[in-house]
1. Could you compute how fast the range 463-598 diffuses translationally, taking Rh as the Kirkwood radius over C-alpha pairs and applying Stokes-Einstein at 20 °C with viscosity 1.002 mPa s? Give it in µm² per second.
2. For Trp620, list long-range residues whose amide hydrogen, built 1.01 Å from N in the peptide plane, is under 5 Å from its own amide hydrogen.
3. With angles folded into 0 to 90 degrees, how steeply does helix 176-190 sit against the dominant principal axis of the chain? Use alpha carbons for both and round to 10.
4. For the modelled label position 7 Å from the Cα of Val458 along Cα-to-Cβ, which residues of the range 50-84 have backbone nitrogen atoms closer than 13 Å?
5. D for the range 547-653, whole µm²/s, Stokes-Einstein with Kirkwood Rh over alpha-carbon pairs at 4 °C and 1.567 mPa s: what number?
6. Counting only residues 5 or more places away or on other chains, whose amide H sits under 5 Å from the amide H of Ile672 once H atoms are built in the peptide plane?
7. Can you figure out the FRET efficiency of Asn276 with Gln579, using R₀ = 56 Å and their beta-carbon distance, to the nearest 0.05?
8. How many nm is it between the label spots at Val487 and Gln654, if each spot is 7 Å from the Cα in line with the beta carbon?
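We did not get these values from a lab; they are worked out from the coordinates using the rules stated. Remember, it's a predicted structure, so these values are computed and weren't measured experimentally. Don't worry about glycine lacking a Cβ; one is built from the backbone with ideal geometry, like all the others, and counts go over all protein chains shown.
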Amino acid sequence: MQKIRMKARESQKFTWKLKEKNLKENAGILILYTLLTFILTYPVIFKISTSIPGGSDAFHWIRILWYAPVAIFNPGLTKLTHDYLIFHPYGIPASPFQSAFNQILTYLLSSVMALHQAYNILWLFSFIFGAYGTYLLTKYLSNDKLSSFIAGLVFAFSPYHCAHSLGHFGATSIEWIPFCALYLMKMFREGGIRNSFFAGIFFILVAMSDLQYMVFMGIFVLLLFLYEIYIVLRNEKQDYKEKLESIFYKYSLFGVISFLGLIPLTMENILTAISNDNFLKMDPFEAITYSTDLLSFFLPSVLHPIFGDFTKDIYSNFSGNTSENTTFIGYTVILLSLFAIGRLKENKYVKFWSISALFFSLLSLGPLLHINGSTSFTVFQTTIPLPHLALYYLVPFMDNCRTTGRFFVIASLSFAVLTGYGISELLKSNKNNKKIIAVVISSLIIFEYLAIPFPMSVVNQPSFYKEISQDEDNYALLEIPATLKYVASVNTIYYQTIHKKPVVGNVAARYPSNARDFELNTPVVRELTYLQPLTVDILNPDINQVGTSILNYYNISYIVLHTNYMNDKEVDLAEKLIQKALHTERKTYEKDSLIVYRVKKEPVKPFMILKDNWYNREEWDGVPTRWISNNATLMICSNEKVNKTLSFRILSYQNPKNIEIYVEDDCFEKTIPTDFTDIKIPLTLEKGENIIRFSTQEESFSPAQISDDSQDTRKLSFAIQNLTIS
């Protein structure tokens, strides 16, 4: 009995020693990856307190990470599912959990550090744990630590990851993908409830990092599921039924766990995607634009300090942008992957990762093959369809994923695993020179992937925004040229994380088609937003009289010019418009590339605003004209209860139609001919906002339906001119 106890104690000591050794080993691997991250992303770690890697979209992403906690803890200011802090005054529907994992950590970290510093830490985290997760995955498969360590470098520091890390923070967050793949492979090899459970948990973490990666990882799971069934069916010596039941059981368990975690993350997006107004669905041609070019697999990144200047000229021929086209995996990795495939051609796991590498590389090429920017070839303008074209129609919500080049993230993991297998086999036949071979291979891969120095952007915090952040009043800012110029919008929206006030317009990744109606249809706001002279429209108010009233009515208290995004002519035009509308030349603030005017508070004078569903202004024989479809609204703001007359000219498109004009509970009806006719309607306006609704129950037509020569698909009912009130 004593001997048994002694053996048990010895066994326990041995187990603890193994655990301690394993802990030290993993800590050492993490430390090495951390040091390599600091070196290979130079100078990020040295500027972590003052700058961020990349710029433009990176500032937009800081605002995304900031928004969700603000919406949760400030329900009176905005909502989680409707963002009232941009596109003031009506806001836009929001996708609340674009990167929930990072949003949660950003909120926790921002309590002890600046927001951009939290962003930098999470950015570095994606490299360190992306490498570590790949190390664990490859070590599990190959049982070789040295080759697994190099595989971690391949996935974490691939040009794909580096290129997206300059602005696309969701796409930067690759760290949970290898962990999910690890437990999926454990499901494949071992089965077991535990492995299905953790595979589901890490799948949720993938979705919490980037919803698009959730779709890609879901396709990866389906590929593994089909491959496992294929393995069972081709083995004639086993009982199909028992094996297939086991497969369905473990994947069902994985699916249930994943589903329960994904529903709160994706419900808002799903409801939008199945609605009649699915603004998440992009133009199908964007899937072609943002596909990978075949040449990009063989071209070093434009970030490469030696080859970058050469490859920039070639990358400029590709469609989309450089980030979406960067899929270079390196010649060393390709050779090692091919070596692994040839050497281990009977290994079913190597076969699977080979299929995955090829399949996701093909998917990243998009619906049609691109070569040097061209999608059609020969004198016959032939196009070559690719697998993504089938998935576009078969996989739910695939039509919402426009950046097809990002499928390559799964291919890059597959190549990393294959590289691990290849190095492992190479080292087995060269046991005496293992360290030298590993150093040489690592050096070659790092050289091909080199992207230092990383571009950085200084994080500015103008004192004006800090000052108004102390103001408890909630009012809006009109920032120029935040809507007109994309670079200005994605940079200036960061300032909202400082001042926390709503802004007119600005930018979002996806928004409904009517989101900019307020900017396009509202006098003075339209001219300032789009930096154009005062526009003669179907409404023609005197800006001298009502400019300040309009701004006051919509609670716009400051107009901010960002002169570093404007030329002298634009600044001069904007200032003249502001001074005319506000009756003042006095500037509230002029510093930090900002010119700020305060909108003085005064009683609101009567004015009219085109509200919803008006098509853009056009001219008909030199007269400003706007079309409407089946309904449109006009807002009349009155400072007293008063009787007025609404006058306008109107014609019906194609054939006479009946129009109904609603003023509160009263309805005016008239049949409108196909020639312009004058209409006068008596109104009783209440004090405040009065909504006039133009409506018809009759069918509207588009010019494209009437004529084969027209590309105009607008549904048209009536054209309206000269809206006045007297």
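1. Using the Kirkwood radius from Cα pairs, D works out to 141 µm²/s.
2. For Trp620, the qualifying residues are Thr625.
3. In the chain, helix 176-190 runs at an angle near 50 degrees to the longest axis.
4. Residues 50-52 qualify, since their backbone N sits under 13 Å from the label point.
5. D, rounded to a whole number, is 76 µm²/s.
6. Lys657, Asn658, Ile659
7. Step by step, r from the Cβ atoms, then E = 0.80.
8. For Val487 paired with Gln654, the spin-label model returns 4.5 nm.
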